[in-house]
Amino acid sequence: MSTAEVTPDEPVEPRANRAAAAGQWVIDRPLVMLSVILVLLLIACEIYSPGYFSAERVGTILSFSAPLAFLAAGQTLVMLTAGIDLSVAATATAAAYIMAGQASRGTATALLIAVLVGLIVGLINGIGVGVFRVNPLIMTLGMASIVSGYLTVSAQSFVTGVPLVPDFVRELAVGNLIGEAIPKSLLLWVPVAALILLGLRYSGYGRTLYAVGDNPIACRLAGVRVWQVLLVTYVLCSILSAVGGVLYVGVINAADLQLVSPYLLPSVAAVVIGGTSIFGGIGGYSGTILGAIILVVLDSLLTLLDASQAVKQIIYGSIILLLAWLYATSTKRV
Amino acid sequence: MSTVDEVSAPVGRKGTDWRRVGNRHGWTIGVYVLLLLLILAYIWALAPVAFTSFDLKTIVLGGLPLAFAAMAQSVIIISGGIDLSLGVMVAIINVSAASLMEGKSFGSAILISLLLMAMGIALGTINGTLIVLTGVPDIVVTLAMSFVWGGVALLIMRTPGGGAPTEFQSLGTGSFGSEWIPAGAIVIALILLVAWLPIRWRRSGFAIFAIGSNRERAYLSGVNVNRTRVLAYAIGGFFAAMAGLALTATTGIGTPYSGNFITLNSVAAAVLGGVSLAGGKGGLVGPVAAAFCLTLVPAIMVFQGIDPNYSQVIQGALIVVVVMIAGLLLLRERR
């Protein structure tokens, strides 16, 4: 803005400025807004059902949030490149199902196979999007239908011995670490989250990720091998989804062919609520973590309200839309 | 494929420029060739049993709901949007039709259909208005709305049920004139002629292509971008209503969960039918054929004794490979 536009006779109100500055401060830190929303939701739960808030409840919320947060972590990385991965749920289901089916070979082998499933799906997605330039929506949509179709067809051949969820996975997903409030899944979640948060900020890959999402053409002209960045991102996303699937099967303690599919849309919603732009280049994992926890708390609030499935869905959808709207209007003012 | 830029190409040339026809309609022609090949494969898979008019009707009624859903998604994608709540909108119309029409006469069933078409337009308008008002990306709004509309569908009908008069069902399952002309095909052709073409060749139709192609340039040329975006979603809502009615006519009942597979398959059919996800390119004729292609694949596999679940794998692979080839062709064209 040029100085000529400022009219000197306009009264300057420091009070209003301070309010605007405070508003700006909140807008610059979406985490503050998200934390407030989370606290409000928890207060609503507590008001509706006194005694809701307990150490055990915190543990339950965290252990249900962990799988969603893993799926949403992958989704965040992909969305930062202006893509979307609609195969996260199918990948997570396949990884969890095959892991349970191969459990008789030993826990370590079964877990390795689960990660391998993620690696393969991610490689195909990454080659499609990065090398062949297929639209990410179409590529991952097609991949989701290939993975879940193939899993259904060959479900039997993936099972050797008695299918079961290994004790290690079960313990990791729902076991308590300290008291009842801190589940053991945090042992996995916290380091991975730290790695993603620090990696996005300080590593070359992280910064290239934002750059590719912001302007892929400028990146290519600057000498970045965009296809390699995309390939790595989709592989990471699928592996994170596979881990999320393994954690989820640990929470549920039974594997079926539709296991993680209810988490597909929430994985996108968590990222959007968390402030990552669907057009890429803006956002990060910290918002996504809060987004995932908010969605889990919201779900438990709606269960507390004893609403029918129909009403629950309507409220859930409206709140996601409302949060996205708040986000869009508040960032537009900047 | 047609683009807005090509529309303004010099007119009045004598004779047919085959290269231009190939460029503009090559993709659509290709999809129809694929459909023909798949029908031949269907006949071959059926052998030694003869292919009768009944089989033709089965093919048409199997693909009818998806064909309308593909048209809905195509209009929206051409305008530069995408509607992930399309399937549940279809489900809303489906359950409303089945619960309202049960035990009614043909006349009142037609009246109810008209009412539900208006309701479809209203649902689409709500989606479009929310997108324009909130300024949130299309994909996020319609994703959230898919939860909302899904809840509404469940409110109307909790478990599959309801019904429709037989005469109404014959609109989807019957034949028209000759045994070899399925009524469903006539309905699609009629809707394309009566509901889409008048809009397509009018200012508002061009505006839909224009905002999909380049929103800023469309705005600078005097197109009311927001109104056109809402219009595209409203037209999509109308076609979604047709898909819901077709679903009621072909299955005879309402199912609140019927929408899940429709949303994703409608996007797939639109893309396979030559609509560019970037917007501004494509038409509705190609996606109709693509929808039938997508429903023929599992039918053929059933006859071959292959696990029909493989069809999901093949559908997925088909979509990815086709889009990949299209991308490579585009790259070659640019060089």
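For region B:200-224, which residues satisfy the criterion of being surrounded by fewer than 17 Cβ atoms within 10 Å (Cβ to Cβ), in a helix (DSSP H, G or I) and of a type in the set (A, V, I, L, M, F, W, C)?
Hit for region B:200-224 is B:L220, nothing else.
Hey, could you check region B:258-272 for residues that are more than 11 Å from chain A (Cβ to nearest Cβ) and modelled with pLDDT under 85 and say which is surrounded by the most Cβ atoms within 10 Å (Cβ to Cβ)?
Once the filter is applied, the top-ranked residue is B:G259.
Could you tell me which residue of region A:199-208 is nearest to A:F64 (Cα to Cα), considering only residues that are among the small types (G, A, S) and either open to solvent by 70 Å² or more (accessible area, probe 1.4 Å) or over 18 Å from the mean Cα position of the chain (by Cα) (or both)?
A:S203
Tell me, yes or no, whether region B:178-191 has at least one residue that is outside any helix (DSSP H, G or I), at pLDDT below 95, open to solvent by less than 20 Å² (accessible area, probe 1.4 Å) and in contact with a helix residue (DSSP H, G or I) (Cβ under 9 Å, 6 or more places away or on another chain). First the steps, then the outcome.
Residues of region B:178-191 that are outside any helix (DSSP H, G or I), as a first pass: B:178-182.
Retained after the next criterion (residues that are at pLDDT below 95): B:178-182.
From what is left, the residues that are open to solvent by less than 20 Å² (accessible area, probe 1.4 Å) are B:182.
Then drop every residue that is not in contact with a helix residue (DSSP H, G or I) (Cβ under 9 Å, 6 or more places away or on another chain), which leaves B:182.
Taking every residue of region B:178-191 in turn, at least one turns out to be outside any helix (DSSP H, G or I), at pLDDT below 95, open to solvent by less than 20 Å² (accessible area, probe 1.4 Å) and in contact with a helix residue (DSSP H, G or I) (Cβ under 9 Å, 6 or more places away or on another chain).
Test of understanding: among A:I196, A:I217, A:I182, which residue is open to solvent by 70 Å² or more (accessible area, probe 1.4 Å) and more than 21 Å from A:T93 (Cα to Cα)?
Exactly one of A:I196, A:I217, A:I182 is open to solvent by 70 Å² or more (accessible area, probe 1.4 Å) and more than 21 Å from A:T93 (Cα to Cα), namely A:I217.
Do we have A:L71 as away from chain B (no Cβ under 11 Å), under 20 Å from the mean Cα position of the chain (by Cα) and not basic (K, R) here? Lay out the reasoning, then the answer.
On the way: away from chain B (no Cβ under 11 Å): yes; under 20 Å from the mean Cα position of the chain (by Cα): yes; not basic (K, R): yes.
So A:L71 passes the test.
Among the residues of region B:226-237, is any more than 14 Å from chain A (Cβ to nearest Cβ), more than 30 Å from B:A97 (Cα to Cα) and at pLDDT 85 or above?
Among the residues of region B:226-237, at least one is more than 14 Å from chain A (Cβ to nearest Cβ), more than 30 Å from B:A97 (Cα to Cα) and at pLDDT 85 or above, which makes the answer yes.
Mind checking which residues of region B:225-283 are of a type in the set (D, E, K, R) and out of contact with any Gly (no Cβ under 8 Å at 6 or more places or on another chain)?
Of everything in region B:225-283, just one residue is of a type in the set (D, E, K, R) and out of contact with any Gly (no Cβ under 8 Å at 6 or more places or on another chain), namely B:R227.
Would you kindly identify the helices (runs of 4 or more DSSP H) lying entirely within region A:94-176 that contain at least 2 residues that are over 22 Å from B:V322 (Cβ atoms) and more than 9 Å from chain B (Cβ to nearest Cβ)?
It comes to A:107-126, A:167-174.
Does B:V275 satisfy the criteria of being part of a loop (DSSP other than H, G, I, E, B) and within 13 Å of another protein chain (Cβ to nearest Cβ)?
The answer is yes for B:V275.
Would you mind finding the one in A:G287, A:G317, A:G291 that is free of Cβ contacts under 8 Å to residues at least 12 places away in the same chain and more than 19 Å from A:Y52 (Cα to Cα)?
A:G317
Hey, any hits in region B:136-149 for a residue that's facing chain A (nearest Cβ under 10 Å) and surrounded by fewer than 21 Cβ atoms within 10 Å (Cβ to Cβ)?
Looking for residues that are facing chain A (nearest Cβ under 10 Å) and surrounded by fewer than 21 Cβ atoms within 10 Å (Cβ to Cβ), one finds at least one in region B:136-149, hence yes.
Return yes or no: is B:I126 within 14 Å of chain A (Cβ to nearest Cβ), within 20 Å of B:I262 (Cβ to Cβ), open to solvent by 50 Å² or more (accessible area, probe 1.4 Å) and part of a helix (DSSP H, G or I)?
yes
Quick test for you: out of A:L302, A:L322, A:L295, pick the one residue that is more than 8 Å from every other protein chain (Cβ to nearest Cβ), within 25 Å of A:L86 (Cβ to Cβ), part of a helix (DSSP H, G or I) and open to solvent by 30 Å² or more (accessible area, probe 1.4 Å).
A:L322
Show the residue pairs meeting these rules: Cβ distance below 6 Å; 6+ apart or different chains; first residue within region B:277-304 and under 19 Å from B:A189 (Cα atoms) and modelled with pLDDT of 90 or more; second residue open to solvent by less than 20 Å² (accessible area, probe 1.4 Å) and in a loop (DSSP other than H, G, I, E, B).
B:G286/B:G273; B:G286/B:G274; B:P287/B:G273; B:A290/B:G273
Condition first: among the aliphatic types (A, V, I, L, M) and under 19 Å from the mean Cα position of the chain (by Cα). Can you find one or more residues in region B:299-316 that meet it?
Just the residues of region B:299-316 that are among the aliphatic types (A, V, I, L, M), to begin with: B:299-302, B:306, B:313-314.
Of the ones still in play, those that are also under 19 Å from the mean Cα position of the chain (by Cα) are none.
The answer is no; no qualifying residue exists.
How many residues does region B:150-164 contain that are part of a loop (DSSP other than H, G, I, E, B) and either within 14 Å of another protein chain (Cβ to nearest Cβ) or surrounded by 19 or more Cβ atoms within 10 Å (Cβ to Cβ) (or both)? Can you show your working first?
Residues of region B:150-164 that are part of a loop (DSSP other than H, G, I, E, B), as a first pass: B:157-160, B:162-164.
Imposing the further condition that a residue be either within 14 Å of another protein chain (Cβ to nearest Cβ) or surrounded by 19 or more Cβ atoms within 10 Å (Cβ to Cβ) (or both) reduces the set to B:157-159, B:162, B:164.
Qualifying residue count, region B:150-164: 5.
For region B:49-74, enumerate the residues that are of a type in the set (D, E, K, R) and in contact with a strand residue (DSSP E or B) (Cβ under 9 Å, 6 or more places away or on another chain).
B:K57 - this is the single residue of region B:49-74 that is of a type in the set (D, E, K, R) and in contact with a strand residue (DSSP E or B) (Cβ under 9 Å, 6 or more places away or on another chain).
Just give me the residues in region B:67-123 being of a type in the set (F, W, Y) and crowded, with 24+ Cβ neighbours inside 10 Å, in sequence order.
B:F68
Open to solvent by less than 70 Å² (accessible area, probe 1.4 Å), in a helix (DSSP H, G or I) and polar (S, T, N, Q) - does that describe any residue in region B:287-308?
yes
If you scan region A:252-283, which residues turn out to be at positive phi and either open to solvent by less than 10 Å² (accessible area, probe 1.4 Å) or under 15 Å from the mean Cα position of the chain (by Cα) (or both)?
Selection gives A:G275, A:G280, A:G283.
Report every pair of residues separated by at least 6 positions or lying on different chains whose Cβ atoms are under 7 Å apart, first residue within region B:165-186 and β-branched (V, I, T), second open to solvent by 80 Å² or more (accessible area, probe 1.4 Å).
B:I186/B:F176
Could you list, in sequence order, all residues of region B:264-276 that are free of Cβ contacts under 8 Å to residues at least 60 places away in the same chain and within 30 Å of B:A50 (Cβ to Cβ)?
none
The values are calculated or read from the model by the stated rules, or taken from the named source; none is laboratory data. The structure displayed is predicted, hence computed values, not measured ones. Don't worry about glycine lacking a Cβ; one is built from the backbone with ideal geometry, like all the others, and counts go over all protein chains shown. For the accessible areas, the whole protein counts, side chains as well, though only heavy atoms, and no ligand, DNA or RNA atoms are used. Shrake-Rupley method; radii C 1.70, N 1.55, O 1.52, S 1.80 Å.
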